[in-house]
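Notes for the one structure printed next.
The values are calculated or read from the model by the stated rules, or taken from the named source; none is laboratory data. Because the structure is a prediction, the values reported are computed rather than measured. Cβ placement follows ideal geometry from the backbone for every residue including glycine, while neighbour counts extend to all protein chains displayed.
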Amino acid sequence: MPVKTYREAINEALHQAMAEDSSVIVLGEEVSGGAGCDGSRDAYGGVMGVTKGLLPTYGESRVIDTPITESAIIGAAAGAAQTGLRPVAELMFMDFFGVCFDQIYNQAAKFHYMFGGKAKCPMVIRCTTGAGWRAGAQHSQNLTQMVTMVPGLKVVCPTNAYDAKGLMLQAIQDDDCVIFVEDKILYDTSCEVPDEMYTVPFGEAKYYREGSDLTIVAISNPMHKVLAVADRLEAEGITCDVIDPRTTSPLDEEAILESVEMTGRLVVVDEMTPRCGMASDISSIVAEKAFGSLRAPIKKVTAAHSPVPFAPNLEDAWIPQEADIEAAVRQVLEYAS
Amino acid sequence: MSIDTQEITKPKASTKGMSKQQFLKAYRTMRTIRDFEDKISEQFMKGNIPGFLHLYSGQEAVAAGLCLLLDDDDYVISTHRGHGHCIAKGGDVGGMMKEIMAKQGGLCDGKGGSMHIADFDKGMLGANAIVGGGPPIIVGAALSAKTLGTDRVGVAFGGDGSSNQGTTFEAMNLAVVLKLPAIFLFENNGYGEGTHASYAVGSKDIASRAQGFGMPAYKVDGTDLFAVYELCKQVVEHCRQGKGPVTIEASVPRFKGHFEGDPQAYRGDGEIERLMKEEDCLEIARKAAVKKKLANAKELDAIDEEIASYINEVTEAALAAPAPGDDELLTNVYSSAY
Ligand SMILES: Cc1ncc(C[n+]2csc(CCOP(=O)(O)OP(=O)(O)O)c2C)c(N)n1
Ligand SMILES: [Mg+2]
């Protein structure tokens with residue numbers, strides 16, 4: 001099977017969806033780049049290069065470079081979604097959600113319910129997230145929790161290229177507003193990705209590793225640190241269930257609960273600030289629904305409760321690292337009730 | 001609400017309005033900005049600067065010309081392309097270099113970096129990594145000035161790209177409604193990342209759109225220090241007298257990529273070389289000043305030399321400075337007990 005990067009996998013999904021369904025459009029800032037310029041068009045293909053090549057294939061009527069105008073991008077996508085198109089809107093950095101959040105959580109998310117099921121909002125909002133690029137307080141945040149808490153939105157956060165393609169194709173054919181969270185650290189990671197179209201269903205967790213001593217749940221790029229830790233532990237004879245929910249809304253509670261019922265121990269890892277984050281949410285679900293199975297307190301490994309600092313040493317301290325994950329895992333394993 | 005419409009004017013360049021002392025100050029500022037940007041570009045290539053850099057090279061005359069008319073207690077707010085605004089407002093250049101290199105002694109303690117460069121002692125309220133983040137905030141600074149009865153003014157620097165953002169529209173309207181001493185200074189360098197203003201700005205220009213909000217608006221050649229200064233003199237005076245907000249659209253070249261490392265495939269053939277040859281505000285100012293005997297080449301050369309060594313000095317100091325202490329991660333999240 002061909003090996004593709006996370007970037008290529010999403011790009012391929014967009015290509016295939018656009019080829020198959022002429023109502024699929026892509027819009028956002030620099031989705032092709034070079035509009036109105038003397039040099040070449042498709043100069044960026046998105047700031048992360050994910051939409052490169054769409055413009056030459058599908059033309060300006062379906063690959064739309066916008067001015068810097070996030071509220072109008074998302075509002076226009078929502079309006080177009082309500083009236084016959086399937087827009088894939090790009091917001092660049094997830095941090096920019098703040099500019100247009102009304103259009104997301106008061107408008108797109110609520111159409112279907114508020115209008116008694118008469119309106120649909122089949123749109124995808126793509127964004128990139130994650131710290132580690134020394135990009136500072138306004139270009140590094142993972143705000144997945146802020147969209148996960150909104151009823152009506154579906155939230156996808158793929159951790160590998162295979163899932164990224166299948167989840168993108170699912171997102172585009174889904175009839176609700178889907179927030180598609182791409183982790184910038186993952187764009188160049190690769191794995192086997194089939195050429196043909198396929199979907200990965202929402203609300204179905206993936207088991208990266210299976211084991212019996214401990215359950216580790218991780219969201220987005222920290223998963224790869226978790227895997228490194230799990231593999232080290234395995235060499236010591238400790239085996240973990242490593243679960244990637246893949247979508248935070250809907251969330252595959254069953255997979256997590258089932259695993260914890262077996263292992264009795266849980267560590268949850270995300271790269272969000274610790275209050276009201278995904279780790280808190282998953283911990284509370286387990287505490288509520290699997291309390292009787294727990295043999296140790298749940299441990300959360302998250303980012304620090306501060307904006308993302310610029311200085312590399314501070315940013316590295318802000319980000320949950322392998323050592324933090326390993327320490328948490330050992331603490332939970334060593335806990336004797 | 002009365003609508004104060006006015007001709008969009010483009011003052012002609014003349015050196016008349018500027019004293020020798022003022023010119024030398026502005027020239028010094030422009031040269032400092034240019035050298036600072038060249039130096040950090042070089043240090044970035046060497047791997048000594050983390051993160052993203054958006055350089056102000058080519059736009060120096062705008063910040064320098066305007067800031068000649070501002071005092072330390074006037075306010076400016078900036079964009080992601082903020083080094084020039086910070087230097088022109090009198091920001092601590094050594095502290096800037098340390099900040100951009102993420103070192104102790106940086107203006108934001110290494111927590112902000114290039115995209116958040118700020119110097120509050122000089123009324124520089126910060127670079128901003130959110131396009132359109134600044135204009136509403138400068139409306140607040142202008143509201144303080146008016147409410148507290150000072151004659152301070154607030155300037156929001158913005159790019160052509162930021163002129164299309166809803167926050168910018170809202171800020172402009174509110175400034176008109178409240179008749180605030182706010183200046184919206186759009187530096188039109190032709191590009192928002194790799195999208196041309198001729199595509200992204202729907203109106204014929206930014207200034208006439210600003211007029212539509214009910215404030216006077218002017219266009220100026222931003223490569224001409226003297227023209228910028230002359231126009232800004234009227235505009236700042238207008239604001240200080242309590243006559244409400246004004247918009248300026250300054251046309252400028254962007255010598256560098258959107259960010260350092262930008263491959264710039266969207267640029268035309270030979271475009272940058274032509275801009276650097278024909279639209280270099282430093283060369284234009286220098287030529288005009290020498291011709292009008294406002295300064296001689298020798299004294300300008302001396303300034304150039306002095307600044308080059310100053311920038312080397314602050315660079316060496318920043319390179320030698322230690323990183324912030326690891327225990328600083330959680331300091332300053334709140335300003336009072338938590
Ligand atoms: C809200 C928001 N949207 C998009 C971006 C990404 N971005 C950063 S700078 C920029 C272009 C800004 O263009 P302009 O205002 O003309 O300023 P210039 O870069 O030319 O100085 C864009 C799109 C951002 N930082 N913030
Ligand atoms: Mg611009």
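Brief remarks follow.
- Given (1) within 16 Å of A:Gln145 (Cα to Cα); (2) modelled with pLDDT under 95, number of the condition A:Ser337 does not satisfy: (1)
- For the criterion of being away from ligand 1 (no atom under 16 Å from the Cβ), away from chain B (no Cβ under 14 Å), in a loop (DSSP other than H, G, I, E, B) and closer than 29 Å to B:Gly268 by Cα, A:Ser61 passes.
- Residue pairs whose Cβ atoms lie under 7 Å apart, sitting 6 or more positions apart in sequence or on different chains, and linking a residue in segment B:278-293 that is farther than 16 Å from B:Gly17 by Cβ to a partner that is hydrophobic (A, V, I, L, M, F, W, C), are B:Cys281/B:Met30; B:Cys281/B:Ala61; B:Cys281/B:Leu225; B:Leu282/B:Met30; B:Arg286/B:Leu300; B:Val290/B:Ala297.
- Among the candidates B:Lys219, B:Lys179, residue that is part of a loop (DSSP other than H, G, I, E, B) and either away from every other protein chain (no Cβ under 14 Å) or within 14 Å of ligand 1 (Cβ to nearest atom) (or both): B:Lys179
- Criterion (within 14 Å of chain A (Cβ to nearest Cβ), among the β-branched types (Val, Ile, Thr) and assigned to a helix (DSSP H, G or I)) met by exactly one of B:Ile307, B:Ile272, B:Ile284: B:Ile272
- Put simply, of B:Glu193, B:Glu187 the only residue that is within 15 Å of ligand 2 (Cβ to nearest atom) and more than 14 Å from chain A (Cβ to nearest Cβ) is B:Glu187.
- Exactly one residue out of B:Gly84, B:Gly58, B:Gly95 is within 16 Å of ligand 2 (Cβ to nearest atom) and without any contact (Cβ under 8 Å) to a residue 60 or more places away in the chain, and it is B:Gly84.
- Taken together, A:Lys299, A:Lys225 contain a single residue that is in contact with a strand residue (DSSP E or B) (Cβ under 7 Å, 6 or more places away or on another chain) and either within 14 Å of chain B (Cβ to nearest Cβ) or of a type in the set (Lys, Arg) (or both), which is A:Lys299.
- Qualifying position, being of a type in the set (Gly, Ala, Ser) and in contact with a Leu (Cβ under 9 Å, 6 or more places away or on another chain), among B:Ala127, B:Ala61: B:Ala61
Quick grid of which residues meet (1) more than 21 Å from B:Asp160 (Cα to Cα); (2) at pLDDT below 95; (3) in contact with a helix residue (DSSP H, G or I) (Cβ under 6 Å, 6 or more places away or on another chain); (4) not assigned by TED's automatic domain parsing to the domain that holds A:Arg7:
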| residue | (1), (2), (3), (4) |
| --- | --- |
| A:Gly53 | yes, no, no, no |
| A:Asp65 | no, no, no, no |
| A:Thr69 | no, no, yes, no |
| A:Leu85 | yes, no, no, no |
| A:Ala89 | yes, no, yes, no |
| A:Gln107 | yes, no, yes, no |
| A:Lys110 | yes, no, no, no |
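- Check on B:Ala207, within 16 Å of ligand 1 (Cβ to nearest atom), surrounded by 19 or more Cβ atoms within 10 Å (Cβ to Cβ), in a helix (DSSP H, G or I) and more than 10 Å from every other protein chain (Cβ to nearest Cβ): yes
- Checking each residue in segment A:35-62 for being of a type in the set (Val, Ile, Thr) and under 27 Å from B:Gly133 (Cα atoms) picks out A:Val47, A:Val50, A:Thr51.
- Verdict on A:Pro122 being at pLDDT 95 or above, within 28 Å of A:His15 (Cβ to Cβ) and assigned to a loop (DSSP other than H, G, I, E, B): yes
- Candidates are the residues of segment A:48-58 that are within 23 Å of the chain's Cα centre (by Cα) and among the aliphatic types (A, V, I, L, M); the one that is nearest to the other protein chains (Cβ to nearest Cβ) is A:Met48.
- Flag for B:Gly202 being without any contact (Cβ under 8 Å) to a residue 40 or more places away in the chain, within 14 Å of chain A (Cβ to nearest Cβ), on the phi > 0 side of the Ramachandran plot and away from ligand 1 (no atom under 13 Å from the Cβ): no
- Residue satisfying all of: in segment A:269-309; among the polar types (S, T, N, Q) and closer than 19 Å to A:Glu258 by Cα; surrounded by the fewest Cβ atoms within 10 Å (Cβ to Cβ) among these: A:Ser284
- Residue, nearest to B:Leu185 (Cα to Cα), within segment B:218-239, restricted to residues that are in contact with a Leu (Cβ under 8 Å, 6 or more places away or on another chain) and among the aromatic types (Phe, Trp, Tyr): B:Tyr218
- Test: residue in segment B:155-164 that is among the charged types (D, E, K, R), away from ligand 1 (no atom under 16 Å from the Cβ) and either more than 15 Å from the chain's Cα centre (by Cα) or within 13 Å of chain A (Cβ to nearest Cβ) (or both): no
- Exactly one residue out of A:Gly117, A:Gly132, A:Gly203 is more than 16 Å from ligand 1 (Cβ to nearest atom), surrounded by fewer than 20 Cβ atoms within 10 Å (Cβ to Cβ) and within 14 Å of chain B (Cβ to nearest Cβ), and it is A:Gly132.
- No other residue among B:Ser144, B:Ser251, B:Ser208 is free of Cβ contacts under 8 Å to residues at least 12 places away in the same chain, on the phi < 0 side of the Ramachandran plot and either away from ligand 2 (no atom under 16 Å from the Cβ) or not basic (Lys, Arg) (or both) apart from B:Ser144.
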